[in-house]
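So the structure is just underneath, and the comments pick up after that.
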Number of protein chains: 2
Amino acid sequence: MPERPSERAHDAVLQHIEDSLRSGEIKLGDRLPGERALAEQFGISRASVRDAIRALEVMGVVRSATGSGPNAGTIVVSDPSSALGSALRLHVASQRLPVKDIVEARVMMETWSLAHAADANWEPVQLEEARKLLDAMDDPALPSPAFTALDAQFHVALSALAGNAVVSTMMDSLREAIREYVDEAVRTRAQWDDIVAELRRQHREILEAVERRDGDGAAHLVRDHIEWFYAKTL
Amino acid sequence: MPERPSERAHDAVLQHIEDSLRSGEIKLGDRLPGERALAEQFGISRASVRDAIRALEVMGVVRSATGSGPNAGTIVVSDPSSALGSALRLHVASQRLPVKDIVEARVMMETWSLAHAADANWEPVQLEEARKLLDAMDDPALPSPAFTALDAQFHVALSALAGNAVVSTMMDSLREAIREYVDEAVRTRAQWDDIVAELRRQHREILEAVERRDGDGAAHLVRDHIEWFYAKTL
DNA sequence: CTGCCACTATGGTCAGACCACATGGCCCGG
DNA sequence: CCGGGCCATGTGGTCTGACCATAGTGGCAG
């Protein structure tokens with residue numbers, strides 16, 4: 001198999017980073033060598049190194065910052081949610097992925113999460129944080145974008161109870177992908193106050209179902225909750 | 001709204017492309033202007049344009065090719081699966097996303113797909129293509145990587161029956177994220193021939209359940225199928 | 001001891017050049 | 001008139017070297 005399809009200069013860096021990540025040689029929070037150092041190390045130009053870094057940044061694997069000190073440079077983070085969210089958002093924009101399917105997928109994941117949360121081992125503090133989010137959402141003076149942001153955090157917090165990082169990450173991504181879409185729809189919506197009141201009620205109801213370990217009940221409630229909201233706004 | 005959070009030079013291009021995508025000004029299959037043209041158009045350097053193009057490429061929104069002619073240049077494609085798959089693979093490598101959760105998420109999506117496929121309107125030709133994949137997998141001389149590749153296609157074809165682009169895309173991504181992982185496990189596995197024989201049997205069984213519109217049956221079969229396979233190999 | 005400021009290392013951007021590649025048309029020979 | 005080979009052209013890919021903006025750091029002066 002003498003195939004060498006990846007002669008691209010920056011692929012070498014990409015491959016090396018991935019291998020180092022897999023072997024544990026570099027891990028979350030570590031700083032990568034500077035771009036100039038990597039360029040010399042691999043015998044390629046700094047521009048090509050930047051290509052690789054850019055790719056990693058888009059995928060949410062690293063974060064770059066200028067300046068000096070411990071917070072500067074290229075640091076290994078792990079933020080799959082926003083990375084996947086951005087990608088999905090663009091594919092929604094290009095009409096490759098219908099919004100309807102996004103919502104449907106979200107219902108699938110969220111019902112699954114709550115159904116499984118009933119049998120999972122989560123810390124009571126997790127539920128408490130979700131409740132604090134609901135308390136914050138009770139503020140009548142809250143502008144709608146702030147409300148929807150808290151709403152997103154609440155749903156992510158709930159889905160995290162199932163203990164599956166992939167599912168909650170993807171849920172977060174889906175939400176992020178259509179966030180602007182939803183905010184725009186909400187902004188032009190009359191009767192927003194009435195909708196918010198109903199959302200608050202439904203949220204409390206869902207939280208109580210989770211609290212009493214009623215997985216099926218919580219799943220049904222959240223399905224109705226999401227579908228009601230999207231029917232009302234979109 | 002005097003906010004200018006995006007001072008980055010390449011963000012302007014990114015934003016413009018996204019807007020053009022959303023407005024339908026550019027659509028799938030279109031060619032973007034050349035990098036030099038874009039640089040002049042936005043008053044930035046070609047390097048910054050390349051940063052934006054690279055980001056789009058990583059997200060699976062465009063594809064770049066050298067040379068001239070209709071197949072060269074930067075073309076709008078829409079390949080979310082491989083893009084999300086690559087990103088997920090790296091996050092698995094960095095141990096941010098456990099393989100166990102990937103498999104669990106895959107079970108969730110695939111059971112959902114088959115359960116919904118029973119009520120969905122799919123073309124009989126879709127089932128026929130899935131069957132052809134199974135026929136190809138009957139070849140006893142098939143090397144294991146080719147078998148698992150066909151297996152992946154079969155599962156994607158099945159999940160496509162539910163008619164949800166987001167779910168089948170994510171399923172494909174999950175599969176891609178742990179493909180090398182699975183292939184490696186399979187390669188070092190004794191009794192591979194026996195496993196393949198059982199996989200073939202289960203595949204036919206699943207296909208038949210879908211064919212007779214038995215959604216619950218198909219869902220249960222595919223759950224057992226996936227969990228059996230991963231218990232056997234990983 | 002304190003506050004200011006130059007120094008330094010980082011990523012971000014720019015400019016201009018050359019390379020590898022694929023096409024399409026031109027030219028020349030048949 | 002036709003066919004094949006060759007080169008002009010335009011594409012992305014890479015390289016070089018420079019300068020800018022930023023943010024810690026450490027020394028220096030008060």
For A:TRP192, inter-copy label distances in nm, listed shortest first [label point 7 Å out on the Cα-Cβ vector]
5.9
B:LYS100 accessible area, 1.4 Å probe, all protein chains in place, Å² to nearest 10
130
Mind checking Rg over Rh on chain A, alpha carbons, Kirkwood formula for Rh?
1.06
Roughly how many Å is it from the Cα centre of segment A:93-161 to that of segment B:122-195, as a whole number?
32
Table column - 3J(HN,Hα) (Hz), segment A:224-234, Karplus curve with 6.51, -1.76, 1.60, x for Gly and Pro:
4, 4, 5, 5, 5, 5, 6, 5, 6, 9, 9
Straight-line reach from B:LYS100: which aspartates and glutamates have Cα under 18 Å away, leaving out those fewer than 8 places along the same chain?
A:ASP119, B:GLU110, B:ASP172, B:GLU176, B:GLU180, B:ASP183, B:GLU184, B:ASP224, B:GLU227
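Beyond 19 Å, what share of the Cα-Cα pairs of segment A:9-76 is found? Please give it as a whole percent. Before the final figure, lay out each step's value.
On the way: 560 of 2278 pairs.
Tail fraction, whole percent: 25.
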Treating only the Cβ of Lys, Arg, Asp and Glu as charged (+1, +1, -1, -1), what charge dipole size does segment B:69-136 show about its Cα centre? Round to the nearest 20 debye.
380
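If you take every residue apart from A:SER81 with its C-beta less than 13 Å away from the C-beta of A:SER81, what net charge results, scoring Lys and Arg +1 and Asp and Glu -1?
Values: positive: A:ARG89, A:ARG175, A:ARG179, B:ARG96; negative: A:ASP79, A:ASP172, A:GLU176.
Cβ neighbours under 13 Å give a net charge of +1.
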With the label 7 angstrom out along Cα to Cβ, how close does A:GLU25 come to the same site in each of the other copies, in nm, nearest first?
4.5
Helix-derived mean residue ellipticity, 222 nm - over chain A, DSSP H n ≥ 4, -39500 (n - 2.57), to 500:
-22500 deg cm²/dmol
Note: B:161-171 gets an average of partner chain Cβ contacts (10 Å, Cβ to Cβ) equal to 6
Using a 10 Å cut-off around each Cβ of peptide B:23-36, what is the average number of partner chain Cβ atoms that fall inside?
1
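Mind checking A:43-50 for the average number of partner chain beta-carbons within 10 Å of each residue's beta-carbon? Don't jump to the answer; show the numbers that get you there.
Details: counts 0, 0, 0, 0, 2, 0, 0, 4.
Taking the mean over all residues of the peptide, I get 1.
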Tabulate in residue order the Karplus-calculated ³J(HN,Hα) for segment B:77-84, using 6.51 cos²θ - 1.76 cosθ + 1.60 with θ = phi - 60°, rounded to whole Hz; enter x for Gly and Pro.
10, 7, 10, x, 4, 5, 5, 5
Amide H partners (placed H, <5 Å) of B:VAL62, local residues excluded
B:GLU57, B:VAL77
For segment A:83-100, state which residues have at least 30 Å² less accessible area in the presence of all protein chains than in their chain by itself, taking the probe as 1.4 Å and leaving out ligands, DNA and RNA.
A:LEU84, A:ALA87, A:LEU88, A:ARG89, A:LEU90, A:HIS91, A:ALA93, A:SER94, A:ARG96, A:LEU97
Which loop trypsin sites (Lys or Arg not before Pro) in segment A:147-197, with loop taken from DSSP, have no more than 12 other Cβ atoms within 10 angstrom of their Cβ?
none
Once the label point is set 7 Å along the Cα-to-beta-carbon vector, what list of distances in nm do you get between B:LYS232 and its counterparts in the other copies?
4.9
Each label sits 7 Å from Cα toward the beta-carbon; between A:ARG63 and A:GLU40 the label points are separated, in nm, by 2.9
Can you run phi through the Karplus equation (6.51, -1.76, 1.60; θ = phi - 60°) for segment A:151-159 and list ³J(HN,Hα) in whole Hz, with x for Gly and Pro?
4, 4, 4, 4, 5, 5, 4, 5, 5
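From the C-alpha coordinates alone, can you work out the Kirkwood hydrodynamic radius of the protein assembly as shown, in Å? Intermediate values should be presented prior to the final figure.
Numbers: mean 1/r = 0.0415 Å⁻¹.
Value: 24.1 Å, from the Cα pair sum.
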For the pair A:ASP193/A:SER82, report the inter-label distance in nm, with labels modelled 7 Å from Cα in the Cβ direction.
3.5
Send over a whole-number figure in Å² for the accessible area per residue of segment B:5-129, probe 1.4 Å.
47
Chain pair A, B: total accessible area buried, heavy atoms, 1.4 Å probe, Å²:
4400
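Carbon and sulfur together cover what percent of the accessible area of chain B at a 1.4 Å probe radius?
Numbers: 5620 of 11280 Å².
Of the solvent-accessible surface of chain B, carbon and sulfur hold 50 percent.
The values are calculated or read from the model by the stated rules, or taken from the named source; none is laboratory data. Since the model is a prediction, treat every value here as computed from it, not as a measurement. Reconstructed Cβ throughout: ideal geometry from the backbone, glycine too, with neighbour counts over all protein chains shown. Calculation scope for accessible area: heavy atoms of the full protein, side chains included, ligands and nucleic acids excluded. Shrake-Rupley method; radii C 1.70, N 1.55, O 1.52, S 1.80 Å.
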